[in-house]
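Asker: Here you go, one structure.
Bear in mind these aren't lab numbers, they're just calculated from the coordinates by the rules spelled out. What you are looking at is a predicted structure, and each value in this text was computed from that prediction instead of being measured. Cβ coordinates were reconstructed from backbone atoms using ideal geometry, including for glycine residues, and neighbour counts include every protein chain displayed.
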Amino acid sequence: MKLLVLTSFWVLSFLPIFSQIETDFHLANSVYQSENYESAWEMYTEIIESGDSSYLFHSYYMRAYCKYKLEKYNDAILDIEKSLEIPGKSKVAKRIKGNSNWLYSRTLEHLDKPNESLGRLKKASNYIESSLLYSTISILEFELGFFEEALNSSSISIQLDPMNAYAYNNRALIFLHFKKLEKAKKDVRKSIELNDRNPYAFKHRAMIYIAEEKFELACKDLKTAENLGYATFQNEIDSDHVAILIKLHCSNEKK
C-alpha cells in the first residue's frame, strides 16, 4: 500500500560537466539507469576512492542506491550515513540529506523497522518539500495507526501538488477509516480522474461500496483493480488483498 517514490537522478542537474570526475559521475549514473547496479557500484567506488571530493557525497548516495537495489540493505545504510555527512546548508546539501533520509526510510522498511522508517521520512521533510514524500509519510502513518497525523500529511501532500492522484487516494482510505464515506468517495473519484491506471484507487472505492453494502458496484471495481495488475503492482505485501475481497464479496455476489 505504500507509496515510496524517489528520484535518483536529480544530482544530474546541479553542476556543468567540465572535469573528469564529473564525466565519470555522470557515466556512472547512466550505468545505474541501465539497471547494471554492480557495475555502477564499482564506478561510484572509484569516484569515492579518487581523492576528489567534488562528487563524494553524491557518490555515497548513489552507491547506497545500488546496494539497495541489490537488496544489500545493511551495506546501503553504511553509505547513506556517509552521504548524510555532507556539510553546509546549500541547495545541493539539502537535496542530498533529504533524499538520503528518504532512501534510509525505504531501507529500514525492508528491515522491518517501520517506526524508524517513519522517523527518517520526517527527517527528509526537513530538507525537501515534496508532495510524493508527504504521500509516503501519510500512508506509513496510517499503517502504524497514527490516523489523525496521516490525514494531515495527506492534506499537505495535496496542497503541495493538487494533481497528485496518489495523495487523494491515500486520503480517501483515511476518510474511509473515519467512516466519512462522502469525503472518501470525493477523494477517490478525484484520484481516478487524475490516474485511472492505479489499481489501489479502484480497490479503495470498492471498500467504500462494501461499507455501503453496494456489492455489485464493489465487485466491478475489484475486478478492475485485479485487471490493472493489483497482485503485482509495486510488489506490495498486501498483494492478495483484492483476491481476498473478491472471494469474500463476489463469489456469490450479494445483492
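Asker: Hey, any idea what Rg/Rh is for the chain, computing Rh the Kirkwood way over Cα pairs? Could you put the intermediate results ahead of the total?
Answerer: Values: Rg = 20.6 Å, Rh = 19.7 Å.
Result: Rg/Rh = 1.05.
Asker: If you don't mind, there's one more thing I want to ask. When the chain is treated as a GNM, springs tying every alpha-carbon pair under 10 Å, which of His26, His58, His204 comes out with the largest mean-square fluctuation?
Answerer: For the chain, modelled as a Gaussian network with Cα springs under 10 Å, the answer is His26.
Asker: To continue, here is another question. Please report the net charge: other residues with Cβ closer than 12 Å to the Cβ of Tyr73, K and R +1, D and E -1.
Answerer: Numbers: positive: Lys67, Lys69, Lys72, Arg106, Lys113; negative: Glu71, Asp75, Asp79, Glu109, Asp112.
Combined, the nearby Lys, Arg, Asp and Glu give 0.
Asker: From the phi of every residue in the range 27-34, what ³J(HN,Hα) in whole Hz does the Karplus formula 6.51 cos²θ - 1.76 cosθ + 1.60 yield, where θ is phi - 60° and glycine or proline is x?
Answerer: 5, 4, 4, 5, 5, 4, 5, 7
Asker: What's the angle, to the nearest 10 degrees (0 to 90), between helix 73-83's Cα axis and the longest principal axis of the chain?
Answerer: Roughly 60 degrees between the two axes.
Asker: Compare the peptides 83-90, 154-161, 135-142 by average per-residue count of other Cβ atoms within 10 angstrom and give them in order, highest first. Numbers along the way, then the final one.
Answerer: Details: 83-90: 13.4, 154-161: 19.0, 135-142: 26.2.
Packing order, densest peptide first, comes out as 135-142, 154-161, 83-90.
Asker: ³J(HN,Hα) across the range 125-133 via Karplus (A = 6.51, B = -1.76, C = 1.60, θ = phi - 60°), whole Hz, x for Gly/Pro?
Answerer: 5, 6, 10, 10, 10, 9, 4, 5, 4
Asker: Going by a 4.7 Å Cβ-Cβ cut-off, which cysteines of the chain have no partner at all?
Answerer: Among the cysteines of the chain, those whose Cβ sits 4.7 Å or more from every other are Cys66.
Asker: Can you work out the Karplus-derived ³J(HN,Hα) for every residue in the range 106-116? Use 6.51 cos²θ - 1.76 cosθ + 1.60 with θ = phi - 60°, whole Hz, and x for glycine or proline.
Answerer: Ordered by residue, 3J(HN,Hα) equals 4, 5, 5, 4, 5, 8, 6, 10, x, 5, 5 Hz.
Asker: Compute the long axis of helix 56-69 from its Cα atoms, compare it with the longest principal axis of the Cα atoms of the chain, and write down the angle in degrees, 0 to 90, nearest 10.
Answerer: 40
Asker: To the nearest 20 debye, what is the magnitude of the charge dipole of the chain about its Cα centre, counting +1 on the Cβ of each Lys and Arg and -1 on the Cβ of each Asp and Glu?
Answerer: Details: 33 positive and 35 negative charges, 227 e Å.
The dipole of the chain has a size of about 1080 debye.
Asker: Excluding same-chain pairs closer than 8 in sequence, count the lysine pairs in the range 155-250 whose Cα atoms lie under 18 Å apart.
Answerer: 21
Asker: More than 22 angstrom separation, counting every C-alpha pair in the range 16-112; what % is that? All intermediate terms of the calculation are to be shown ahead of the outcome.
Answerer: Details: 1110 of 4656 pairs.
Pairs farther apart than 22 Å: 24 percent.
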